[in-house]
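**Student:** Below is the structure I would like to discuss, written out as structure tokens.
The values are calculated or read from the model by the stated rules, or taken from the named source; none is laboratory data. What you are looking at is a predicted structure, and each value in this text was computed from that prediction instead of being measured. Every residue, glycine among them, receives a Cβ derived from its backbone with ideal geometry; neighbour counts consider all protein chains shown. The area values use the complete protein model at the heavy-atom level, side chains included, leaving out ligands, DNA and RNA. Shrake-Rupley method; radii C 1.70, N 1.55, O 1.52, S 1.80 Å.
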Amino acid sequence: MPDDILRPLLCNSIYLIDVVGPHVAAEATRVRQAITSRAGIRSSLRLDQYSQVIDEVQRQMRAGVPAPRTTPGYIARRLAAGWEQDDPLLPFAFDSFVRDTALSLSKRRDLDRLRPHLEAWIRHCGTEPPWCRDATAVPRADGHSAVPFAIPVDHFGLDTMVHVIASAAFYLTAALSGMRASELAELTCGACRREDRSQSPRFWVDSRRIKGEDFGGVPDSWVVIEEVHRALAAAEAVTGTKPGELLFSSGSNSGNRYAALRNWVNGSCGQRLGLPPSLMGRCTRALSAVLSRCPSPSARMASWLRSGISSTYPWLRQRATPLGQADTKQRSSPRYKPKRRPSTPD
């Protein structure tokens, strides 16, 4: 893989996993909790609950909180159902607001009865997507002033961010572990293990070896560096995968992951965070093949990070330093001849 493709891919992946990932995981957890609470609601909004909704509207209006905005697709459905284009309540997410406020389902008649209060709220505060409001500021990848990790988005926008973080973890794991696509597809939540030793900890990843084995494969384990361990932990956190469930959806482990990651990084979201643009290309196992022929992969990765990435991107300088503690004596021995492991495509 050309260095001008590999270097931005790894740099952006580490940044998204370590800096943006924890905040996206927390927001995604809130969304999953809201979806779970809304799914169990069966009763409709009663007349005696109107006062509860009106009180919440007035409280939000006094605090200057914008009304939640629905998705463009739902706006299109309202227009197709006969809503007027200039209706001030057209973008308002009324259903979600009533479910969260009164734990009840809403109907069009409820919207019409509450319209004066809702229009006053929107006229005073406007509308805004409900998720990632008041986002925490994070350091930009280029070292400039800190910016919020995200702008307000609807749940589709948040799903895109979750997919981007998971894709960054997928490709970082593929590049630095040497695992094939079939082996990555067998990764489950809880597959990471840490072995504490006297000198330094050792990190393991448990999966299944598929290629060349009988149907279903056989259990196998890989020794990985700490970055891979953190990447898989971030993927578990953002996706909300339960123990034993597959971590990466088998239907999305193709080049579409890289295309989605590249488009997000090159778009307004990634450039707002100061991420270096990603070029067109394919993600291969080139780096993992190099690491597999090195007697000390952690030391090789540390040297590569310090020589290139950490000098270009200031936020990575402190991240790259601890990796330099790995042993490099075996690599420097003149008698050592690296055993080449064939790097066949899956």
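**Student:** Please tell me the relative contact order of region 19-114 in percent, rounded to the nearest whole number, where contacts are Cα pairs under 8 Å and at least six residues apart.
**Tutor:** Over region 19-114, the number comes to 40 percent.
**Student:** With bins 5 Å wide starting at 0, give me the P(r) of region 174-258 over every alpha carbon pair, in whole percents.
**Tutor:** Pair shares across the bins are 3, 14, 24, 26, 19, 9, 4, 1, 0.
**Student:** State the extension gain, in nm to one decimal, for the chain segment bounded by Leu111 and Glu213, taking 0.36 nm per residue of separation less the distance between their alpha-carbons. Could you put the intermediate results ahead of the total?
**Tutor:** Numbers: separation 102, 0.36 × 102 = 36.72 nm, distance 6.05 nm.
Result: 30.7 nm gained on full extension.
**Student:** What is region 146-244's relative contact order, in percent, from Cα pairs under 8 angstrom and six or more apart in sequence?
**Tutor:** On the way: 119 pairs, mean separation 30.2, N = 99.
Normalised by residue count, the contact order of region 146-244 is 30 percent.
**Student:** Assuming 0.36 nm per residue, please report the length gained on full extension of the stretch Thr160 to Thr36 beyond their Cα-Cα distance.
**Tutor:** Values: separation 124, 0.36 × 124 = 44.64 nm, distance 1.97 nm.
That pair, Thr160 and Thr36, stretches by 42.7 nm at full extension.
**Student:** Below 8 Å between Cα atoms, with a sequence gap of 6+, how large is the relative contact order for region 63-191 in percent? List each step's numbers first, then the result.
**Tutor:** Working: 106 pairs, mean separation 28.5, N = 129.
Result for region 63-191 is 22 percent.
**Student:** Quickly rank 107-115, 195-203 as a protection proxy: mean count of other C-beta atoms within 10 Å, highest first.
**Tutor:** Values: 107-115: 14.4, 195-203: 10.4.
Peptide ranking by packing, descending: 107-115, 195-203.
**Student:** Here's a follow-up. For region 1-79, what is the largest minus smallest coordinate of the Cα atoms on each principal axis, given in angstrom and ordered from greatest to least?
**Tutor:** Answer, in whole Å and largest first: 65, 31, 27 Å.
**Student:** Expressed as a whole number of Å, what is the distance separating the alpha-carbon centroids of region 1-79 and region 170-203?
**Tutor:** Each part's Cα centre sits 31 Å from the other's.
**Student:** Quick check: the distance between the Cα centres of region 206-245 and region 126-153, to the nearest angstrom?
**Tutor:** Distance between centres, Cα-based: 31 Å.
**Student:** Using a 1.4 Å probe on the protein chains only, how many percent of the accessible area of region 1-54 belongs to carbon and sulfur?
**Tutor:** Values: 1410 of 2420 Å².
Answer for region 1-54 is 58 percent, counting heavy atoms of protein chains only.
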